[in-house]
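The structure appears right after this line, and notes come after that.
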Amino acid sequence: MLMFIYHFCFGLAQIGVLNAQFSSDYFWIGFRTLIIFLFLSLVGMGLYLSKNRETFTARFAKRMLLLALYAGLISWISYLVRPNYYVYFGILHHIFIASLLGLLFTHFYRLNLWLGLGVIIVGIFIESSWFNTSFLHWLGLGTHQVRSDDFAPLFPWFGFVLLGLFFANLIFQQQKLSTFRRRFVENWGPRSIIGKTLCWAGRQSLHLYFIHFISFYCLVYLLS
C-alpha cells in the first residue's frame, strides 16, 4: 500500500499535477527508504521461513522464474516509455539477486545482524569511480548519479535482507523467545475482512507490484 501511494504521487509529479522532488526531498527519500526496508527485510524473513520446508526447491525455482520474468518486462516496458530513466536494476531485480545471495546466509544468526549493518554502512559512506562502469552500477558504489525511475543497488539495500534473516531467526528459532510469544506469532491469523484482504494482498504482492508498476507507465505514456 505504501508503494502504491509512492508511485501514484510519483506519477502525478511526472505529469505536472504534483510539485515534488523525489530525488532531493527528505520526506520522499525517507518514505522510499521505509518502503524498501519493509520490502527487503520481509524478503529475508520469508527466505528463512521457506528454507525449512520440504517444498522449498520447487517453490523457490517457480518464484525465481516469476521474478526474472517480471523484472525483464519492467525493464523492457520502462525503456519503451521512458528510455532515459528506464529500470535496469529496480526492486524486483534486487530481490532476484538478493534471494540467491541470501541462501548463503540462512543458517547464520548474529552474523547476519553485523553483516547487514556493515553492508548498509558501506553503501552509504563508500563510493569510488572504479564502479562507474555500467557493468558495475548495480552494486551502488559508484560516484555517478544513476538516472532510473527505480534503482535499488546491492549496497546498501542487501543489508536489509540480512537484517530480515536475523530477525526471523530471533523470532522463530531462538530459545530466548518465550513459548507463549512464539506460539502467538506462529498461530496468528486475520479475522476481519480488512485483515484477510491485506493478508491476501501480501501473498499476491509480487503480482500486484508488477501490475501497479506497469499501470504507472501506461498512465505516463497516455498522458504524455
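Just a few scattered comments:
- Residue within region 170-177 that is in a loop (DSSP other than H, G, I, E, B) and touching a residue at least 24 places away in the same chain (Cβ under 8 Å) present: yes
- Filter result for the condition that a residue is in a loop (DSSP other than H, G, I, E, B) and loosely packed, with under 11 Cβ neighbours inside 10 Å, over 134, 148: 134
- Residue within region 19-29 that is surrounded by 14 or more Cβ atoms within 10 Å (Cβ to Cβ), hydrophobic (A, V, I, L, M, F, W, C), part of a helix (DSSP H, G or I) and touching a Phe, Trp or Tyr at 6+ places or on another chain (Cβ under 7 Å) present: yes
- Reported count of residues in region 110-131, each being surrounded by 14 or more Cβ atoms within 10 Å (Cβ to Cβ) and either modelled with pLDDT under 90 or part of a loop (DSSP other than H, G, I, E, B) (or both), is 2.
The values are calculated or read from the model by the stated rules, or taken from the named source; none is laboratory data. Since we're looking at a predicted model, the values are computed, not measured. Neighbour counts are summed over all protein chains in view; Cβ atoms, including those assigned to glycine, are modelled from backbone coordinates with ideal geometry.
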